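Just below is one structure, and these are the notes that go with it.
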Amino acid sequence: MASGLEFGYAYTSSLIDTSEERCPECDVAFYQPTTHPGARLPHAFIATQDGSHLSTHEVIASTGLTLFTADPQCWGATLAETPLTVPIAVVALSVPSNDHHAALIELFEVGDLGAVVVRPDGHVVWGTDIDVSAADRLLDFIERAWSGVYRTSVPNLQEAP
């Protein structure tokens, strides 16, 4: 069992949106998975488009940001309509069995319609439990905080596994 010292740390920076609320205090003796901005994305197995099962950490894009949601069609369509300066991969929160769907949604703390956005090192930078109507907040945050990180034009969406 790992302690919170290895897994439970969180921090703030200009690349992490803490406008809604700061990450709860961490306990180095007890790890409590969370998707609050600043925390490391919790591990879970998800089903990919080809039917295989991968860890959430295996599907994080190596460049840009990765958006995890149980509503990938709506989030993907909305992001595809907007010119972006940062590449974003959309990953569906789907599980091999419906028996585990509720546990996965609870772990990600965003409900069936919200989203969690993660940077390449696996730290959460933004999240919402609101549906795709919150995309404007996400896009504003990305342009404000991330536009200088990637200096060239990028396709709106990256391919997710």
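Just so it is clear, none of the values below were taken in a lab; they were calculated from the coordinates. Everything quoted here is computed from the prediction, not taken from an experiment. Using ideal geometry, Cβ is built from the backbone for each residue, glycine included, and neighbour counts are taken over all protein chains shown.
Listed values, structure above:
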read-out: Amide H contacts under 5 Å for Ile130, placed H, 5+ residues apart; value: Ala115
read-out: Inter-label distance, nm, simple model (7 Å from Cα along the C-beta direction), Asp140/Thr48; value: 3.6
read-out: Cα-projected label distance for His101 with Ser147, points at 7 Å along beta-carbon direction, nm; value: 3.9
read-out: Footprinting exposure proxy for Phe68, Phe141 (fewest neighbouring C-beta atoms within 10 Å first); value: Phe141, Phe68
read-out: Segment 61-136 - percent relative contact order, Cα under 8 Å, separation 6 or more; value: 37
read-out: Placed amide H near Tyr31: partners under 5 Å, 5+ positions off or other chain; value: Gly4
read-out: Residue exposure sequence - Asp136, Asp50 - by fewest surrounding Cβ within 10 Å; value: Asp50, Asp136
